[in-house]
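The values are calculated or read from the model by the stated rules, or taken from the named source; none is laboratory data. Computed from a predicted structure; not experimentally measured. Cβ: placed from backbone, ideal geometry, glycine included. Neighbour counts: every protein chain shown. In case anyone asks, the SASA skips ligands and DNA or RNA and just uses the protein heavy atoms, side chains included. Shrake-Rupley method; radii C 1.70, N 1.55, O 1.52, S 1.80 Å.
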Amino acid sequence: MDKLPSIDEPHLMEFLSGLLNTPSPTGFAQRAIDYIEKSLAEFSFIQVSRTRKGSLLAIWPGASNDAPRAVTAHADTLGAMVKEIKSNGRLKMSAIGGFVWNTVEGEGCTVFTSDGRHYRGSILLTEASSHVHGKHVAETKREDETLEVRLDALTSSASDTRGLGISVGDFIAFDPRLEITNGFVRSRHLDDKACVACVVAAIKSLSDAGLQPAQTTSFLFSNYEEVGHGAAAGIPSDVVELLAVDMAAVGEGQSSDEFHPSICVKDSGGPYHHSFSQKLRKLADEYEISYKVDIYPYYGSDGEAYWRAGGDVAVALIGPGIDASHNYERTHFQSLEGTTQWVAAYLLSEMMPGENS
Ligand SMILES: [Zn+2]
């Protein structure tokens, strides 16, 4: 087995940092989609287009086209929308995606108005000060009614806030708070920006080495995954395999960790495609990519979104281990590197569907 082409590590980390710092809550992910599109422009052989739904489809012609493939990762993240402007001028939120309010309490945020302005603020309990509310602060259940956005703007009434141009339905992005130390990458929204970075890094590693994929490959950067239907549309209908690249869930009882890529063989949506998963495991073994095999108990992916939408393809899921997912997330560069290598190995693989089932 040939060696895999080398990965441009500085490029991977620079791309990832830029993407993490680009706000993209589901429904408002176009800035991240723009960012990815711009970075793919250096690969003149990749044909890029937008789906009507707003995701980015990048097609790289392969050495063969008799069993075309797709790889997907999502550009959208958790976030919120303005649900209501309160009489004190602060904002009540409606959550976008599956997270609990505790995980964003105290976080900085940006509110994007429909006329293009943006305001900074923070997410706080309605009764936040322990000097005023005592032990009540610890006891309050964190829910829609007990959290609000405090705007860093002069407002003390609903009409003041409306005067800022803020209205119901405006998007709220949570600060990523990115920090990179000793190979650890700590940030919100590594789900799934870490995987977008791995997929782009795999493309770049092949391209830098003058290689092309074994089969024509469509890369779908989806924009509605966190609400369950991201890749339900946008995968070309002749594709035979869909590799979803999304984070591995790390925690007690999980075999995944922050230092390896994982393959998920089952999640809330049931088992993934066995022979495709076996093929990926065999590839990893051949290239000496060490990985974990795992089951994620409360999890769904864009691969399953496509299956549910009627996609007749084999689906498998790999990705880097992310600690504290849908919270203040963290991974390690080793996990990103292994995931990138695995995607590159898959792109180069001649192995046909069902060959080792
Ligand atoms: Zn995800």
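Based on the Kirkwood approach, the hydrodynamic radius assigned to segment 292-357 is 14.3 Å, with every pair of different Cα atoms included. Secondary-structure-derived ellipticity at 222 nm for the chain, considering helices only, amounts to -7500 deg cm²/dmol, per-run term -39500 (n - 2.57) for DSSP H runs with n ≥ 4.
Rounded to the nearest 10 square angstrom, residue 141 shows an accessible area of 140 square angstrom against a 1.4 Å probe. Placing a pseudo-label 7 Å from each Cα along the Cα-to-Cβ vector at residue 324 and residue 133 gives an inter-label distance of 2.2 nm. Rolling a 1.4 Å probe across all protein chains gives residue 136 an accessible area of roughly 80 Å².
Short-range pairs are left out: with C-alpha atoms under 8 Å and at least six residues apart, the relative contact order of the chain is 24 percent. Segment 187-215 and segment 268-323 have Cα centres separated by 17 Å.
Calculated FRET efficiency, residue 113 to residue 8, Cβ-Cβ distance, R0 = 45 Å: about 0.75 to the nearest 0.05. For GluC sites (Glu not before Pro), the sites in segment 124-201 that DSSP calls loop and that have at most 14 other Cβ atoms within 10 Å are 127, 143.
Write down the accessible area per residue of segment 10-91 in Å², having rolled a 1.4 Å probe over the full set of protein chains.
41 Å²
Heavy atoms of the protein chains alone define the surface here; on that basis segment 162-224 has 29 Å² accessible area per residue at 1.4 Å probe size. Over all orientations, segment 35-129 has a Cα convex hull whose mean projected area works out to 9.8 square nanometres. Per-residue surface analysis assigns residue 66 an accessible area of about 110 Å², computed on protein heavy atoms at 1.4 Å probe radius.
Roughly what % of Cα-Cα distances in the chain sit above 39 Å, to the whole percent?
For the chain, the fraction of Cα-Cα distances above 39 Å is 17 percent.
Measuring nothing but protein heavy atoms, the accessible surface of the chain at 1.4 Å probe radius is 48 percent carbon and sulfur.
Full extension of the chain segment joining residue 83 with residue 298 gains 74.7 nm, where the gain is 0.36 nm per residue of separation less the Cα-Cα distance.
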